[in-house]
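Data first, discussion second: the structure below is written as structure tokens.
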Amino acid sequence: MFNDNWLSEIKVIIFDMDGTLYQEDTYLERYIRYLLEGTEHEGETEAAIRAGRAILTGEHPFQFGHFYHTRDDVALVRQEESFVQGFSWEGNAIGEIARSYGALSSEAAHLIHIGDPWGVAAVVSHKYKLPEGKRQSAFERVRKEMVAAPYHFEFRSELFQAIEELAAVDRKILMTNTYLESGIEFLNYMQIRHLFTEVYCGAEKPLGLRYYFTKLLGQGYQPHEILSIGDNPWNDLHPVKRLGGKTCFISPYSSSDPESWNLRLTTLDELEQLMRAIQESTTRRTLTDGEDRAEAYK
């Protein structure tokens, strides 16, 4: 299933948390309800929930991999650093208009990447022009519910065991954009803080990931020795691929993102298998060439 040739060379793994170490989207309906609750748009809640679900299943004009333009309420399709197509909420194509936006970087302040269910909720909140305070309170309410009964999410202890047993790499890093308080609550709920050499909450990916990757290069690691694993390509994978690192995209959803990745996984079972494959391939290489990199790092 996996290519041992490059897996055995991995020395650093950077993990995302939400959507990567656990997979859960049942919170989305509650999130949208909380966003619209008590607002002038509350009567549109059911329609907004249906639209959110349609984005998840690929039945909406807005797709995973698109960029939502908060100012103009359109979804834009990226090719390289420019936009080549776009769609209105109703599904009307806006080809020439999309191309007029120019470079991706120039529009960054107005863009939300639709890369995971959190991004879908962000689209809904901006589409209805909700104030920042409303968005933040709904987000925090959902995050706290996710680690408490009756809405707490399930996770796979077998995956965490495989990560813990992965001793063949130098460093296992966790980077999440989640703010510190919620990040700690989720780590404690899953009981996984001890699995990682370093943990960064509020990591401000993608820029934060690019900065950290560059820092690793300055410490002597080679790009091909670093693997980033995540469910949001723009945040978790693009910065690493651009600098020559290895990438693993894990998501149960289809994506219109045109990039190709070193690995494309769907389930947590597959991620567990990847962890064991890296351990086995590196151990096999160590036995062959006599190099114990984990011991050398210590």
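The values are calculated or read from the model by the stated rules, or taken from the named source; none is laboratory data. Quick caveat, the model's predicted, so the values are computed rather than measured. Neighbour counts run over all protein chains shown; Cβ positions are idealised from the backbone, glycine included.
Couple of notes before you dig in:
- Any hit, the stretch 249-257, residues being at pLDDT below 95, at negative phi and crowded, with 19+ Cβ neighbours inside 10 Å: yes
- Tabulated pairs, the stretch 147-172, first charged (D, E, K, R), second assigned to a helix (DSSP H, G or I), C-beta under 6 angstrom, 6+ apart or interchain: Arg156/Leu268; Glu158/Glu272; Glu164/Leu195; Asp170/Tyr297
- The condition (being in contact (Cβ under 8 Å) with a residue 24 or more places away in the chain, assigned to a strand (DSSP E or B) and on the phi < 0 side of the Ramachandran plot) is satisfied by just one residue among Ile14, Ile55: Ile14.
- Filtered by the rule that a residue be buried (at least 17 other Cβ atoms within 10 Å of the Cβ) and small (Gly, Ala, Ser), the stretch 122-140 gives Ala122, Ser125, Ala138.
- Qualifying residue in the stretch 70-80 (condition: closer than 24 Å to Ala203 by Cβ and not assigned by TED's automatic domain parsing to the domain that holds Glu270): yes
- Scanning the stretch 220-231 for residues that are in contact with a strand residue (DSSP E or B) (Cβ under 7 Å, 6 or more places away or on another chain) and in a loop (DSSP other than H, G, I, E, B) gives Tyr221, Asp231.
- Residue selected from the stretch 236-255 under the condition free of Cβ contacts under 8 Å to residues at least 40 places away in the same chain and in contact with a strand residue (DSSP E or B) (Cβ under 6 Å, 6 or more places away or on another chain), by the criterion nearest to Thr178 (Cα to Cα): Leu237
- Qualifying residues in the stretch 90-111 (those that are exposed (fewer than 13 other Cβ atoms within 10 Å of the Cβ) and aliphatic (A, V, I, L, M)) - the one farthest from the chain's Cα centre (by Cα): Ala103
- Count of the stretch 73-82 residues which are buried (at least 18 other Cβ atoms within 10 Å of the Cβ) and either of a type in the set (Lys, Arg) or without any contact (Cβ under 8 Å) to a residue 24 or more places away in the chain (or both): 1
- Filter result for Thr45 (surrounded by fewer than 21 Cβ atoms within 10 Å (Cβ to Cβ), among the β-branched types (Val, Ile, Thr) and in a loop (DSSP other than H, G, I, E, B)): no
- Residue count, the stretch 84-107 (criterion: on the phi > 0 side of the Ramachandran plot and at pLDDT 90 or above): 1
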